[in-house]
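The values are calculated or read from the model by the stated rules, or taken from the named source; none is laboratory data. Every value quoted in this text rests on a predicted model; they were computed, and no experiment measured them. FYI the Cβ positions are ideal-geometry reconstructions off the backbone, even for glycines, and counts take in every protein chain you see.
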Amino acid sequence: MIEPQKLVDYATSATTDVFSTMLGMELEVQASSLDPDFPTINDGVMALVGLAGSWTGAGVICCTAAFACKLCNQFIGTAVENVDEDVLDAVGEVANMIIGNFKTSIEEHVGALGLSVPTVIYGRNFTSRSIGQNSWTVVPFHCGGEVLEVRVCLAPAKEPTAPRAGYSHTSTVLA
Amino acid sequence: MDVLIVDDSAAIRKILRRVLQQAEIPLGQVYEAGDGVEAIESLKKQKVQLILSDINMPNKDGLQLLGEVKGNPEWKDVPVVMITTEGSQAKVLEAIQLGAVGYVRKPFTAEQIKEKLTGII
């Protein structure tokens with residue numbers, strides 16, 4: 001078992017590291033919590049990265065469309081005010097770096113994990129659902145009046161398997 | 001020096017292109033590819049003197065690309081630097097054993113990239 005605080009600590013350090021190093025943005029970490037439900041966003045951007053190996057799960061970052069635009073502008077020097085392809089790509093890559101670094105830390109406890117390519121969702125009034133009964137560790141961050149949520153969910157795989165010969169880890173996780 | 005940037009993130013490709021332009025190196029053309037398959041197609045069309053590549057990409061990942069580059073007589077001497085979120089010792093070792101000359105973890109600063117390039121050039 002992994003101590004729940006470890007999930008919080010690794011998610012927090014990965015997020016603050018990415019934002020300070022590549023975006024030059026300081027985040028204020030807020031109290032973490034456990035949530036049995038997949039995030040439901042009414043209007044915003046969500047990026048999901050899958051994790052697989054002897055443990056399986058996923059990491060998600062969620063924010064408003066406005067914050068996603070600000071993130072993109074800081075990341076690649078654009079001046080966008082509406083979500084476009086650049087914004088979706090930037091949010092996806094930020095999620096990739098946060099969950100990727102989280103993965104590197106958690107591997108010390110659970111062994112090697114594969115990382116999927118990010119999936120980014122943008123819209124209004126949408127709901128989402130993950131199949132399974134594991135809770136999500138939620139770590140909120142405040143930045144300039146906006147909220148970024150980082151969620152991770154990880155549990156032992158029911159049937160742990162090694163990647164098949166000839167396939168890389170990324171090809172065996174979520175497409 | 002002509003460079004090929006390989007990453008499925010357009011944002012990272014933009015950032016690396018900007019870093020290359022700001023670095024004190026004799027920069028020629030900068031080519032981009034979104035995955036290992038596109039990278040191989042690019043290498044068949046134009047010569048480069050440096051490859052910067054991510055590892056986790058769809059279609060053909062960075063380690064598969066690295067293996068193909070080092071296994072091709074035309075490309076085997078092109079230095080390849082991995083720029084990736086993968087931080088496990090096993091992955092770093094695998095990349096070095098396949099022939100990567102450098103490994104930079106994401107997130108990175110412009111200075112880290114420039115320092116790595118200086119060491120190679």
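Tabulated data for the structure shown
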| quantity | calculated |
| --- | --- |
| Residue check for B:Lys60: without any contact (Cβ under 8 Å) to a residue 40 or more places away in the chain, farther than 16 Å from B:Lys116 by Cβ and either touching a strand residue (DSSP E or B) at 6+ places or on another chain (Cβ under 7 Å) or within 11 Å of chain A (Cβ to nearest Cβ) (or both) | yes |
| Index of the failed condition, A:Leu34 passing every other in (1) touching a helix residue (DSSP H, G or I) at 6+ places or on another chain (Cβ under 7 Å); (2) more than 12 Å from every other protein chain (Cβ to nearest Cβ) | (1) |
| Test: residue in segment B:12-24 that is in a loop (DSSP other than H, G, I, E, B) and in contact (Cβ under 8 Å) with a residue 60 or more places away in the chain | yes |
| Conditions (1) loosely packed, with under 15 Cβ neighbours inside 10 Å; (2) of a type in the set (D, E, K, R); (3) under 13 Å from the mean Cα position of the chain (by Cα); number of the one not met by B:Lys44 | (3) |
| Qualifying positions in segment B:31-48 - within 14 Å of chain A (Cβ to nearest Cβ) and assigned to a strand (DSSP E or B) | B:Glu32 |
| Filtered residue count, segment A:93-111, keeping only those that are of a type outside the set (Asp, Glu) and touching a Ser or Thr at 6+ places or on another chain (Cβ under 7 Å) | 8 |
| When residues of segment B:75-121 are limited to those that are free of Cβ contacts under 8 Å to residues at least 24 places away in the same chain and charged (D, E, K, R), the one nearest to the other protein chains (Cβ to nearest Cβ) | B:Arg105 |
| Filtered residues of segment A:67-104 (kept if under 18 Å from the mean Cα position of the chain (by Cα) and small (Gly, Ala, Ser)) | A:Ala68, A:Ala90, A:Gly92, A:Ala95, A:Gly100 |
| Condition met for B:Ile51 (in a strand (DSSP E or B) and over 20 Å from A:Asp89 (Cβ atoms)) | yes |
| Single residue of segment A:29-42 satisfying the filter (at pLDDT 75 or above and of a type outside the set (A, V, I, L, M, F, W, C)) that is farthest from A:Ser128 (Cα to Cα) | A:Gln30 |
| B:Pro26 being away from chain A (no Cβ under 11 Å), within 13 Å of the chain's Cα centre (by Cα) and either farther than 26 Å from A:Thr119 by Cβ or small (Gly, Ala, Ser) (or both) | no |
| A:Val87 being within 14 Å of another protein chain (Cβ to nearest Cβ) and either among the basic types (Lys, Arg) or more than 18 Å from A:Leu27 (Cβ to Cβ) (or both) | yes |
| Strands (runs of 3 or more DSSP E) wholly inside segment A:1-115 that include at least 2 residues being out of contact with any Asp or Glu (no Cβ under 6 Å at 6 or more places or on another chain) and surrounded by fewer than 18 Cβ atoms within 10 Å (Cβ to Cβ) | A:33-35 |
| A:Cys72, sole failed condition from (1) within 17 Å of B:Gly87 (Cβ to Cβ); (2) of a type outside the set (Gly, Ala, Ser); (3) in contact (Cβ under 8 Å) with a residue 12 or more places away in the chain; (4) within 12 Å of chain B (Cβ to nearest Cβ) | (1) |
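One line per residue, one yes/no per condition, for (1) surrounded by 17 or more Cβ atoms within 10 Å (Cβ to Cβ); (2) more than 11 Å from the chain's Cα centre (by Cα); (3) more than 26 Å from A:Phe102 (Cβ to Cβ):
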residue: B:Asp7; (1), (2), (3): yes, no, no
residue: B:Ala11; (1), (2), (3): yes, yes, no
residue: B:Glu38; (1), (2), (3): yes, yes, yes
residue: B:Leu63; (1), (2), (3): yes, no, no
residue: B:Thr84; (1), (2), (3): yes, no, no
residue: B:Leu98; (1), (2), (3): yes, yes, no
residue: B:Lys114; (1), (2), (3): no, yes, yes
